[in-house]
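Remarks on the structure that follows.
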Amino acid sequence: MRTLIISDLHLGSLSGSDLLRNPDLRAPLLEDASEVDRVVLLGDVLELRQGPLRQAMAAARPFFEDLGQGLSGGDIVITAANHDH
């Protein structure tokens with residue numbers, strides 16, 4: 001089983017430092033994800049310390065939609081860290 005491990009995305013950051021909001025920057029990661037059986041998001045996936053959950057989820061939604069399509073039946077495992085409280 002091939003696994004891609006990613007950490008510290010901080011999706012929904014108010015500072016705009018969560019670069020995967022940009023489709024052009026997301027594309028190479030999604031290409032890699034399409035070649036594995038499982039993606040593990042190893043903590044700090046969302047930035048929940050800077051603003052409301054609704055805003056972080058809205059900013060993260062395109063990434064998760066693209067990731068789900070790219071995996072085409074693979075597994076996504078998410079672990080929580082200090083910014084995911």
The helix 23-33 Cα axis meets the longest alpha-carbon principal axis of the chain at an angle in degrees, between 0 and 90 and rounded to 10, of 40
Can you compute the FRET efficiency between Leu25 and Phe64 using 1/(1 + (r/R0)^6), with r the Cβ-Cβ distance and R0 = 25 Å? Round to the nearest 0.05. 0.95
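Kindly give the semi-axes, whole Å and largest first, of the ellipsoid equivalent to the chain, taking each as the square root of 5 times a Cα gyration tensor eigenvalue.
Numbers: eigenvalues 91, 39, 20 Å².
They are 21, 14, 10 Å, listed largest first.
For the chain, what is the accessible area per residue in Å² when the probe is 1.4 Å? Each step should come with its number before you reach the end.
Values: 5100 Å² over 85 residues.
The answer is 60 Å² per residue.
With a 1.4 Å probe and every protein chain kept in, tell me what percent of the accessible surface of the chain is carbon plus sulfur. Can you show the working numbers first?
Working: 2670 of 5100 Å².
In the chain, the share of accessible area belonging to carbon and sulfur is 52 percent.
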For Ile6, placing the label point 7 angstrom along Cα-to-beta-carbon and taking segment 70-84, residues whose amide nitrogen sits under 15 Å are 70-79
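The values are calculated or read from the model by the stated rules, or taken from the named source; none is laboratory data. Since this is a predicted model, take the numbers as computed values, not measurements. In this analysis, Cβ positions are derived from the backbone assuming ideal geometry, glycine residues included, and neighbour counts consider all displayed protein chains. We work out accessible area using only protein heavy atoms, side chains counted, and drop any ligands, DNA or RNA first. Shrake-Rupley method; radii C 1.70, N 1.55, O 1.52, S 1.80 Å.
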